[in-house]
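One structure is given here, and the rest of the page talks about it.
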Amino acid sequence: MSTTAVVAAHERSGRRFTAAGLDSFALDQGIGPTVVCMHGVPASSFLYRKVVPELAARGLRGVAFDLPGLGLADRPRGFDYSWTGLGAFAAEAVDALGITGQVHLVVHDVGGPVGFELAGALADRVASMTVLNTLVEVDTFHRPWSMEPFAHRGVGEVYLRGLTKPLFRLLMRMQGVADMSAVTKDEFGAYVDLLKREDGGRAFLQIMRGFELTRAKRDQYVELLGSGRFPVQVVWGAQDPALKLATAGEQARRAAGVDSIVRLPGKHFLQEDQAPAIAEQVRSFIAG
């Protein structure tokens, strides 16, 4: 299967929707309590293509949608690509997808801050949150070396143009996926195609330069996780060299006020080789 065929199959497996005046795409499978999975960068709902059917197989409705600027979503020039802006879109997307009542959230990477913004907007509709490798104490966060160039004008544009599919596979081997046999070459290639698409990745660069790394945001996210308004579990790819268990994982654990972290044998993009384990952790947490 070619990279083009992988992207086409991904698109056939979901549906288009419109929220906040923007066109986007969602995976939506299963019947039962709704689990909304938030992606980060440089990803999209494609990252959850294995997790969503695993959730559905466990009696849950699994949903993952593309944030503006990524995947199959629109990439308008004037959009607010900050975490605040993306979180506001996510709240509109939940409504546009016909999601009513209680929602269980799964957040990952910068889908953590965006998901925290969404949780604030949903208020008492959040039934639980599963925190995967993400950032909470954002004012002390430093982008990993593989992502730092994107934050700088000029350098980021050159780096993105040079992000070939072989280079992306190498970066994923180093930082993203522990079991490389779980992902085909064309699936890795699909990440690059879904990142660049018609704008060459311009909107992605805006997202990378819109991180709200302030003490105010840190306080907001720590307060949310520790508020007790909904149960929180922390599940981590224990081999993640970018958001390390001992630092970022512990920050999430402390904020959530939980005793321990569920450790899975994955790296940063643990959805690729740990999808059944993630889905089972979510199912058991909801059931418990």
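The values are calculated or read from the model by the stated rules, or taken from the named source; none is laboratory data. Only a predicted model underlies this, so the values are computations on that prediction, with no experimental measurement involved. Here the Cβ positions follow ideal geometry from the backbone for every residue, glycine too, while neighbour counts run over all protein chains shown. The area values use the complete protein model at the heavy-atom level, side chains included, leaving out ligands, DNA and RNA. Shrake-Rupley method; radii C 1.70, N 1.55, O 1.52, S 1.80 Å.
Scan the stretch 151-174 and tell me whether some residue there is closer than 28 Å to R283 by Cα and surrounded by 17 or more Cβ atoms within 10 Å (Cβ to Cβ).
Taking the stretch 151-174 and keeping what is closer than 28 Å to R283 by Cα, we get 172.
Those still in the list that are surrounded by 17 or more Cβ atoms within 10 Å (Cβ to Cβ) too: 172.
Scanning the stretch 151-174, I find at least one residue that is closer than 28 Å to R283 by Cα and surrounded by 17 or more Cβ atoms within 10 Å (Cβ to Cβ), so the answer is yes.
Can you name the residue in the stretch 71-102 that is of a type in the set (S, T, N, Q) and touching a residue at least 60 places away in the same chain (Cβ under 8 Å) and is also most open to solvent (accessible area, probe 1.4 Å) among such residues? Spell out the reasoning first.
In the first step, residues of the stretch 71-102 are kept if they are of a type in the set (S, T, N, Q); the result is 82, 84, 100, 102.
Now restrict to residues that are touching a residue at least 60 places away in the same chain (Cβ under 8 Å): 82, 84, 102.
On the way: S82: 18, T84: 56, Q102: 98 Å².
By that ranking, first place goes to Q102.
Name the single residue, out of those in the stretch 250-288 being in a helix (DSSP H, G or I) and among the polar types (S, T, N, Q), that is nearest to Q175 (Cα to Cα). Quick ask: steps written out before the conclusion?
The first filter runs over the stretch 250-288 and keeps only residues in a helix (DSSP H, G or I), leaving 250-256, 275-287.
Those still in the list that are among the polar types (S, T, N, Q) too: 251, 281, 284.
Working: Q251: 20, Q281: 23, S284: 28 Å.
If we take residues in the stretch 250-288 being in a helix (DSSP H, G or I) and among the polar types (S, T, N, Q), then Q251 is nearest to Q175 (Cα to Cα).
Given (1) without any contact (Cβ under 8 Å) to a residue 60 or more places away in the chain; (2) open to solvent by 10 Å² or more (accessible area, probe 1.4 Å); (3) within 22 Å of K185 (Cβ to Cβ), where does G30 come up short, assuming only one miss?
(3)
Within the stretch 142-160, how many residues turn out to be of a type in the set (F, W, Y), assigned to a loop (DSSP other than H, G, I, E, B) and touching a helix residue (DSSP H, G or I) at 6+ places or on another chain (Cβ under 8 Å)?
Initially, the stretch 142-160 is screened for residues of a type in the set (F, W, Y), giving 145, 150, 159.
Next cut, assigned to a loop (DSSP other than H, G, I, E, B) only: 145.
Filter once more, so that each one left must be touching a helix residue (DSSP H, G or I) at 6+ places or on another chain (Cβ under 8 Å): none.
Within the stretch 142-160, residues that are of a type in the set (F, W, Y), assigned to a loop (DSSP other than H, G, I, E, B) and touching a helix residue (DSSP H, G or I) at 6+ places or on another chain (Cβ under 8 Å) number 0.
Counting just the residues of the stretch 251-267 that are under 18 Å from V222 (Cβ atoms) and open to solvent by 80 Å² or more (accessible area, probe 1.4 Å), which one comes out nearest to the chain's Cα centre (by Cα)? Spell out the reasoning first.
Our first condition is that a residue be under 18 Å from V222 (Cβ atoms); within the stretch 251-267, this holds for 251-259, 261.
If we keep only those that are open to solvent by 80 Å² or more (accessible area, probe 1.4 Å) too, we end up with 254, 259.
On the way: R254: 21, D259: 24 Å.
Among residues in the stretch 251-267 that are under 18 Å from V222 (Cβ atoms) and open to solvent by 80 Å² or more (accessible area, probe 1.4 Å), the one nearest to the chain's Cα centre (by Cα) is R254.
Checking V222 against (1) farther than 22 Å from L270 by Cβ; (2) open to solvent by 60 Å² or more (accessible area, probe 1.4 Å); (3) in contact (Cβ under 8 Å) with a residue 12 or more places away in the chain, only one condition comes out false. Which one?
V222 satisfies every listed condition except (2).
Which residues, counting only those in the stretch 268-282, are surrounded by fewer than 20 Cβ atoms within 10 Å (Cβ to Cβ) and among the charged types (D, E, K, R)?
Initial filter on the stretch 268-282 (surrounded by fewer than 20 Cβ atoms within 10 Å (Cβ to Cβ)): 276-277, 280-281.
Result: E280, single match.
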